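Here is the structure we will look at.
Values quoted throughout were computed directly from the atomic coordinates according to the rules given, and no laboratory measurement underlies them. It should be emphasised that the depicted structure is a prediction, and the values quoted were computed from it without experimental measurement. FYI the Cβ positions are ideal-geometry reconstructions off the backbone, even for glycines, and counts take in every protein chain you see.
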Ligand code: HEM
């Protein structure tokens, strides 16, 4: 008997997610290589030091465009609601398996929503600071103090984004059955009922 499945992501959402993910990995590797000699070997991914320096900002533009299109597609579903705040209040009880009568989780849980907003903020900061640091095109327009500040902001935002993505990839692997949502576009009805019951009820009524 074939398993009942429901659609979680459209083709356009999956395409944007994977363009963002591949460019993020190339950016994290080349960015770390530009940041510290201990990571210099990662330059090899883009064909050596010179190529990393040339390509890093252009790949950054690709990631920013694909990420913000993707973020726009998921924006309304990531708004933090009163139900999410209720969940947050009972986090200790949930971890000790003591919580009862909590509101049903919608398309995303509070952790996923925080990840979403952390990425929106850090990627916006990476874009603005990256443009200020982009030699030889834009840097000469800005005072040196701003360029120095931009390098600091870029390093801190990059570090936070990399940590957030490590947690994201681990969670995607940890919650069995999630990755197929982002590869094939569908999840099993059992997965949806178990992890996102509020969303499952909504789609069963014909809302997305
Ligand atoms: C190999 C790397 C990655 C894997 C395996 C992965 C996997 C996934 C999976 C399975 C989902 C669906 C979760 C669900 O439907 O509940 C998802 C959603 C998402 N991913 Fe990734 N991802 C990766 C990299 C990235 C990167 C680099 C970014 C952004 C820079 C990103 C941003 C997102 C966002 C924003 C969502 C939607 C979650 C939300 O809106 O709260 N992912 N990812």
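The criterion of at least 1 residues that are in contact with a strand residue (DSSP E or B) (Cβ under 7 Å, 6 or more places away or on another chain) is met, among helices (runs of 4 or more DSSP H) falling completely within region 118-208, by 179-183, 189-195, 197-204.
Just so you know, in region 56-80 the residues that are within 16 Å of the ligand (Cβ to nearest atom) and exposed (fewer than 13 other Cβ atoms within 10 Å of the Cβ) include one that is nearest to residue 16 (Cα to Cα), and it is 72.
For region 40-82, the tally of residues that are farther than 19 Å from residue 129 by Cβ and either outside any helix (DSSP H, G or I) or without any contact (Cβ under 8 Å) to a residue 24 or more places away in the chain (or both) stands at 19. Kindly establish whether residue 163 is closer than 22 Å to residue 29 by Cα and surrounded by fewer than 16 Cβ atoms within 10 Å (Cβ to Cβ). Spelling it out, residue 163 is indeed closer than 22 Å to residue 29 by Cα and surrounded by fewer than 16 Cβ atoms within 10 Å (Cβ to Cβ). For residue 113, the requirement of being buried (at least 18 other Cβ atoms within 10 Å of the Cβ), within 16 Å of the ligand (Cβ to nearest atom) and within 22 Å of the chain's Cα centre (by Cα) is met.
Considering region 191-200, the residues that are in contact (Cβ under 8 Å) with a residue 12 or more places away in the chain and away from the ligand (no atom under 11 Å from the Cβ) include one that is surrounded by the most Cβ atoms within 10 Å (Cβ to Cβ), namely 200. Being closer than 15 Å to residue 64 by Cβ and under 26 Å from the mean Cα position of the chain (by Cα) is a condition met by at least one residue of region 133-147.
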